[in-house]
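Just below is one structure, and these are the notes that go with it.
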């Protein structure tokens, strides 16, 4: 293993971060809601993914099919976005501080809900991730499943780009993001758009959590830990920008991997130096739109 | 005449009635009354999160030993009642500690896993004159400042002891193949102290080595992919990790998944907390694996430990680790202290300071073996480590042969500075 191995590890971390932040970006981009609970939704996907997949394997699901069980769990649990959007809709017209308070309180609620159902000990899936073996690239070894997660993140980015840019529904979402009133006047059902976007954003987070968990584990604390890293990603990339989420995730993932090799003491610092630099020199982020 | 006789009798009856009321209210015969009340012991331990398995092991041992003691009339004739509180952040835990002292009016407090919590708690314990026996949380730094001459606080063995022993075992088993050395440890005092201990002992024994990478991870990190990639790139011969929470099995699984466990040796002084989570599929044989003060599968274990392990396995479908031993030791030490102080007071119930003064020098039988309390309120116990093997009936490794050292050999003496002692002491490998 060499530089390639470190790069691959950095890209894998970036992929996990992108899956986490893409939902956050989508929701902010259209609804202007900063969902602090995105990490908790990611954790929920991971917990449900572990339980459902363990159950499915015990029921005779062939091991090679385990990613399908995880995907199904992530998709189904993503439907929690429907009632959550109803809840959040109560503060659409209120100041932004209400959004932060409400979504922060959701973090605490989720933490206790997860504790109630899964207990306080960290959970992990049996080592099924190694069922597909490892891939070797110029001497660098990585579990094939990790490569699958990277490809999934790329597919998600491409799929979201296509959806937002090429489909009628995507155009409606973008139009609503640009001007809610004008879109409503043109016949767009803004209420439905918001419901759809929030549920889609939630599903991106829950699917991300479910798909990444076989490579690691999940704990109650992860919802809070991840949201801090997610905000580093979106500050660098630009709030509300999908390209920004991809670029920010890649920068954070690679910076962290490089710092661990070159000077591990600055692993955390390195990321936040970049965040500070972006805030000072380009406050809107690399791909964000400057406030008018 | 009869009236005259009747009056004193009425007065006498009134006095008897008043005396009975006073007796019932506890104002008379205080020692006898105290001995009829349950003996309340507050327990502070984490019940969830990354340290949940540690706290759980201690609480279960407390419950087991309290049931046994209560079946034999408790301690000093008083049945024991446990009041359990959660250990979380230092601030929150101190609030709960105060509740135990002021509201629940416990007789003593046992428990605590985290060094950060124990250091924050110790001054509060001394101030409230509450007898406090710490199961763990005994990393060196800050101890002198926060509890210079403790009267009421008793500490478990120094946390660095496990690292001293595993470093000596690493030299014994890996000498000659330990040139490129790497560390991945939690980024807090314990992680840093154990790594410094390991490298200091290598230097002390003249082991020519190169530190190829030092990785510091946040406690409880559940994704170590980048750290593992860095370790793999550094091509170490030996990796030292004192990670001991739920992050340890995650690390080993990720290390195994990139082939890091194939050609590299591991030294894990405190992996015993995670023993059952360290599955054979990703934890290789030949790892220096520490179980601290109790190893559940020790063939030379006492009948007491064997009975406890059987009970634990039957009840919880799990195997106990050293925190069970620490909790059991603290309770036995407290019992011995109370009994010694009771004897000194001819049976009347002793105060907290009298019990505290009776405890130094006491020797008790703990689950892991004989243990004692030093004059400086730090315990002496046996430590169990060894190289892992897969030759067993479990799905996790056990020890191929059990190495035992006493903390009398590998713990700094009373009043000494740990680092100076480490430098000047002659250890046997």
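If each residue of separation counts as 0.36 nm, what is the full-extension length gain between residue B:209 and residue B:426 once their alpha-carbon separation is subtracted?
Working it through step by step, the gained length comes to 76.1 nm.
For chain B, what does -39500 (n - 2.57) per DSSP helix run (n ≥ 4), summed and divided by total residues, give at 222 nm, in deg cm²/dmol to the nearest 500?
Calculated from helices alone, the mean residue ellipticity at 222 nm is -13000 deg cm²/dmol.
Taking 0.36 nm per residue of separation and subtracting the Cα-Cα distance, what length does fully extending residue B:392 through residue B:95 add?
Roughly 102.4 nm would be gained on extension.
Peptide B:274-280: average number of partner chain Cβ atoms within 10 Å per residue? Could you put the intermediate results ahead of the total?
Values: counts 0, 0, 0, 4, 0, 2, 0.
The mean count of partner-chain Cβ atoms within 10 Å per residue comes to 1.
How many partner chain Cβ atoms sit within 10 Å of a residue's Cβ in peptide A:144-151, on average, as a whole number? List each step's numbers first, then the result.
Numbers: counts 1, 1, 4, 0, 0, 0, 0, 0.
The mean count of partner-chain Cβ atoms within 10 Å per residue comes to 1.
Go through B:56-65, B:351-360 and give me the packing order, highest mean Cβ count within 10 Å leading.
Highest-to-lowest ranking by the protection proxy: B:56-65, B:351-360.
Among rounded, prolate and oblate, which fits the stretch B:351-429 when a ≥ b ≥ c are the square roots of the eigenvalues of its C-alpha gyration tensor, a/c under 1.5 means rounded, and a/b larger than b/c means prolate?
Note, shape of the stretch B:351-429 comes out oblate.
What does the structure give for A:216-225 when I average, per residue, the other chain Cβ atoms found within 10 Å of the residue Cβ?
For peptide A:216-225, the averaged partner shielding equals 6.
Which of A:116, A:198 has the fewest other C-beta atoms within 10 Å, and how do the rest follow up to the most?
Sorted ascending by nearby Cβ count, the order is A:116, A:198.
Compute the distance from the alpha-carbon center of the stretch A:106-162 to that of the stretch B:66-97, in whole Å.
41 Å
Does the stretch B:207-300 come out rounded, prolate or oblate, given a ≥ b ≥ c as the square roots of the eigenvalues of its C-alpha gyration tensor, rounded meaning a/c under 1.5 and, failing that, prolate meaning a/b above b/c?
prolate
How would you rank B:321, A:13, going from fewest to most other Cβ atoms within 10 Å of each one's own Cβ?
The fewest-first ordering by Cβ neighbours comes to A:13, B:321.
Just need log10 I(q)/I(0) for the stretch A:11-148 at q = 0.13, 0.14 Å⁻¹, Debye formula, equal scatterers on the alpha-carbon atoms, no solvent, rounded to two decimals.
Log-scaled intensity ratios, in q order: -0.69, -0.78.
Among rounded, prolate and oblate, which fits the protein assembly as shown when a ≥ b ≥ c are the square roots of the eigenvalues of its C-alpha gyration tensor, a/c under 1.5 means rounded, and a/b larger than b/c means prolate?
Taking the square roots of the gyration eigenvalues as a ≥ b ≥ c, the protein assembly as shown is oblate.
Describe numerically, in nm with one decimal, the distance between label points set 7 Å from Cα along Cα→Cβ at residue B:86 and at residue A:182.
Each label point is offset 7 Å from its Cα along the Cβ direction, giving 5.0 nm.
Could you line up B:104, B:158, B:223 from fewest to most neighbouring Cβ atoms inside 10 Å?
B:104, B:158, B:223
Going by average Cβ neighbours within 10 Å, how do the peptides A:74-85, A:180-191 rank, with the highest at the top?
On the way: A:74-85: 18.9, A:180-191: 13.0.
The most tightly packed comes first, giving A:74-85, A:180-191.
If each of residue B:344 and residue A:71 carries a label point 7 Å out from its Cα toward its Cβ, how far apart are those two points in nm?
Label-label distance for residue B:344 and residue A:71, simple model: 7.2 nm.
Expressed as a whole number of Å, what is the distance separating the alpha-carbon centroids of the stretch B:358-429 and the stretch A:77-97?
About 55 Å separates the Cα centre of the stretch A:77-97 from the one of the stretch B:358-429.
Using R₀ = 45 Å, calculate the FRET efficiency as 1/(1 + (r/R₀)^6) where r is the Cβ-Cβ separation of residue A:192 and residue A:108; round to 0.05.
Working: r = 30 Å, r/R0 = 0.66.
The value I calculate is 0.90.
What Kirkwood hydrodynamic radius, in Å, does chain B give when the mean of 1/r is taken over all pairs of distinct Cα atoms and then inverted? Don't skip to the answer; put the middle values down first.
Working: mean 1/r = 0.0434 Å⁻¹.
Across chain B, the inverse of the average 1/r is 23.0 Å.
Can you tell me the orientation of helix B:2-25 relative to chain B, as the angle in degrees between its alpha-carbon axis and the longest Cα principal axis, to the nearest 10?
Taking the Cα atoms of chain B, the angle to B:2-25 is about 10 degrees.
For the stretch A:222-292, what ratio Rg/Rh do Cα atoms give with a Kirkwood hydrodynamic radius?
0.99
Any idea how far apart residue B:67 and residue A:86 come out in nm if each label point goes 7 Å out from Cα toward Cβ?
It is 4.6 nm.
Between residue A:55 and residue A:98, what is 0.36 nm times their sequence separation minus the Cα-Cα distance? Round to one decimal in nm.
Between residue A:55 and residue A:98, full extension yields 11.6 nm more.
Only the coordinates and a few stated rules stand behind these numbers; no lab work does. The shown structure was predicted, so the numbers you read here are calculated from the model rather than taken from an experiment. Cβ: placed from backbone, ideal geometry, glycine included. Neighbour counts: every protein chain shown.
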